[in-house]
1. Step by step: first the residues of the stretch 49-85, then only those that are of a type in the set (A, V, I, L, M) and within 16 Å of the ligand (Cβ to nearest atom), then the one that is surrounded by the most Cβ atoms within 10 Å (Cβ to Cβ). Which residue is that?
2. For residue 201, state whether it is assigned to a helix (DSSP H, G or I) and not aliphatic (A, V, I, L, M).
3. Just one of the numbered conditions (1) hydrophobic (A, V, I, L, M, F, W, C); (2) modelled with pLDDT of 90 or more; (3) more than 16 Å from the ligand (Cβ to nearest atom) is not true of residue 214; which one?
4. For the stretch 264-310, what are the residues that are modelled with pLDDT of 85 or more and among the polar types (S, T, N, Q)?
5. What tally of residues in the stretch 1-17 results from selecting those that are open to solvent by 10 Å² or more (accessible area, probe 1.4 Å) and either within 16 Å of the ligand (Cβ to nearest atom) or under 23 Å from residue 436 (Cβ atoms) (or both)?
6. Tell me the residue from 237, 219 that is open to solvent by 30 Å² or more (accessible area, probe 1.4 Å) and either more than 16 Å from the chain's Cα centre (by Cα) or under 23 Å from residue 115 (Cα atoms) (or both), please.
7. Could you tell me whether any residue of the stretch 273-283 is open to solvent by less than 10 Å² (accessible area, probe 1.4 Å) and either under 18 Å from the mean Cα position of the chain (by Cα) or in contact (Cβ under 8 Å) with a residue 12 or more places away in the chain (or both)?
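The values are calculated or read from the model by the stated rules, or taken from the named source; none is laboratory data. Predicted model, so just to flag it, every value in this text is computed and none were measured. Every residue, glycine as well, gets a Cβ built from its backbone with ideal geometry; the counts of neighbours run over all protein chains shown. Quick note on the areas: whole protein, heavy atoms, side chains included, nothing else; ligands and nucleic acids left out. Shrake-Rupley method; radii C 1.70, N 1.55, O 1.52, S 1.80 Å.
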Amino acid sequence: MEKIILLAIDGLSWNIIEELKAKKQLKNIEEITNNGVSAVLRAEGFLSSPKIFCSIFTGKKVEKHGIRDFYSKEEDLSSKQIWDILHEKGYKIGVYRPLSVWSAKKFDGFCIPSPMLLEKSTYPEELHFIGDLDKMARSEKYSLTFLIKIFWKLFKFQFSIKGLFKIIKRSISLSFKNSLEERMYLLKEIELIIHTNLYYKLLKKYKTHFTVFFDYSFDTLSHIYWRSMDEKSKYFDVLPNAYKIIDIFIGKVKSFAEKNNYHLFICSDHGFEELETKKRRNFRTINVLYLLRELKFYYDVYGIYMTQTVVFRMRPNSSRPLTDFKRAIESIKCEGKQLFNIRPTSKKLIVRINDFFGDNRNFKVELPNGKKLNLDEIIDFNPAHTGDHSENYGVFMIQGSRIKKGKKIEDITPYDITPTILSLFGEPIPPEMDGRVLTEIFDS
Ligand SMILES: [Zn+2]
């Protein structure tokens, strides 16, 4: 029976790949482009990762699958994704953290839902700690207790000593860093090392027919550190290092795929390019988890933040009314002014920072209980993004026994991946899919 691995890497970009390939720093990715087929994956319209990935996983345009952005919910999904289709046909499935899975499914294999969720379900039960890692990483900012818990879990899961050593090294540096720019690349490298290693273990253990791995570190890193490709910057090696970590992982997955006769797909949703200087501006974000803890709503409310606006919703198991939370947010004052602008709807609260404070991060904030804080405890002052999503450098690569060698093909769309996977499995392509089978990649 056919077997397929799909590595979905958010924001992986051809321009950096080409640059590092030229310096012989991406040995494994280079081998795949030499031994398989590659192309630019070109998405259309607004380049929102959840939207494009859902198109990749369904073979359909956004009007048919319903997932537009990070605020989308499980109820919005109006189409089957590739793992559901294959599962119904009896294939063994392994799903690792794609954005468009909200609750674990009982596959004959494994299922770990979206890394963005605080609510975590995982299947089977013994893998629950992987979901917990995301949850803890988002809520505890890698405190010492968190790291001790992680090490213990990873150790029990027979994580490699070398991998653990790399994590410890970065964790120690992390404890001396404060600003987002100083911390973020260490956090993302830790996540990359943890998740690539855990997934590789699951790959070997479960021997699935179809499995997908999802990572979104490259997106965050490329937004923040793009300018730093310039060798004078102290962060110039952040992106190259992340690419080297993923190249090592790809090398391991590639040898596994070759030994066990899998077809290996690698794709991103979009590439990156430099954000025009005139569009760059510093931005502020709400430190959501800290705010919820200070207001004592940590277990009742969750907030999704991507921009200066945060959408808050009550957790399903909370019995407190949303209006209590609204009142608490409304009464937060900074230098006598209301710190947040609020737009309530029946089920959610859309909260925007009332940005009158400029760079005065030491302004005092007064909470409803009278407690006083510095502004920068509640608001993160972030440097401007330097990298921007680009439709020109999205990645697609494939290698396997039925695939041509060393061929570059014309640009493909996100909708083409699911039909091509179905075709490799010899399954029918539902007529409502918007993509096509990439017949030109097959060795006849
Ligand atoms: Zn993306």
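1. Among those residues, the one meeting the criterion is 56.
2. In short, yes.
3. Looking at each condition in turn, residue 214 falls short on (3).
4. 268
5. The number of residues fulfilling the criteria is 4.
6. 237
7. Checked the stretch 273-283: no residue is open to solvent by less than 10 Å² (accessible area, probe 1.4 Å) and either under 18 Å from the mean Cα position of the chain (by Cα) or in contact (Cβ under 8 Å) with a residue 12 or more places away in the chain (or both).
Conditions (1) open to solvent by 10 Å² or more (accessible area, probe 1.4 Å); (2) closer than 29 Å to residue 235 by Cβ; (3) among the small types (Gly, Ala, Ser), marked per residue:
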{"position": "132", "(1), (2), (3)": "yes, no, no"}
{"position": "154", "(1), (2), (3)": "no, yes, no"}
{"position": "163", "(1), (2), (3)": "no, yes, yes"}
{"position": "167", "(1), (2), (3)": "no, yes, no"}
{"position": "190", "(1), (2), (3)": "no, yes, no"}
